[in-house]
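The values are calculated or read from the model by the stated rules, or taken from the named source; none is laboratory data. Note that the structure is a prediction, hence the values are computed from the model and not measured. Every residue, glycine among them, receives a Cβ derived from its backbone with ideal geometry; neighbour counts consider all protein chains shown.
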Amino acid sequence: MAELSDQEMLRYNRQIILRGFDFEGQEALKDARVLVVGLGGLGCAATQYLAGAGVGQLTLLDFDTVSVSNLQRQTLHSDATVGQPKVESARDALARINPHITITPVNARLDDDAMTSL
């Protein structure tokens, strides 16, 4: 199981002190891998909390680009990222939220090949 750095212990302190969660729970989150398919309204919200909680590896899959009409509900994206692939915009925003996690962007549609390789 991955050990927490001193910075991570400070960052996740409020979770670590929860009875039944403890260091082992946080280390399990650090070891966890999550695939998020779609970075629209729900994907943006979910990934912010996954990153903030310290899930160690996030794989982001989406084929779309950021448009102005996305901005009111897809809060990882901004005016500055309009036209960028959503996976790149989200990766950059999530890295600012938590630099201690690994984020892998996959700019593609979900198909059978992607399912087996991810």
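See the values below:
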item	result
Helices (runs of 4 or more DSSP H) wholly inside segment 7-118 containing at least 1 residues that are polar (S, T, N, Q) and at pLDDT 95 or above	13-16, 22-31, 41-53, 86-97
Filter result (in contact with an Asp or Glu (Cβ under 7 Å, 6 or more places away or on another chain) and either surrounded by 12 or more Cβ atoms within 10 Å (Cβ to Cβ) or more than 20 Å from residue 58 (Cα to Cα) (or both)) within segment 1-26	2, 4, 16
Any hit, segment 85-102, residues being farther than 30 Å from residue 116 by Cβ, surrounded by fewer than 13 Cβ atoms within 10 Å (Cβ to Cβ) and under 16 Å from the mean Cα position of the chain (by Cα)	yes
Residues satisfying the stated conditions in segment 54-70, i.e. without any contact (Cβ under 8 Å) to a residue 40 or more places away in the chain and surrounded by 14 or more Cβ atoms within 10 Å (Cβ to Cβ)	64, 65, 66, 70
Of the criteria (1) surrounded by 12 or more Cβ atoms within 10 Å (Cβ to Cβ); (2) over 30 Å from residue 14 (Cβ atoms); (3) not aliphatic (A, V, I, L, M), which one residue 73 fails	(2)
Residues located in segment 33-46, provided they are within 18 Å of residue 115 (Cα to Cα) and surrounded by 14 or more Cβ atoms within 10 Å (Cβ to Cβ)	34, 35, 36, 37, 38, 39, 43
Filtered residue count, segment 94-114, keeping only those that are under 16 Å from residue 44 (Cα atoms) and free of Cβ contacts under 8 Å to residues at least 24 places away in the same chain	2
Boolean, residue 96 is of a type in the set (Lys, Arg) and either over 23 Å from residue 53 (Cα atoms) or in contact with a Ser or Thr (Cβ under 8 Å, 6 or more places away or on another chain) (or both)	no
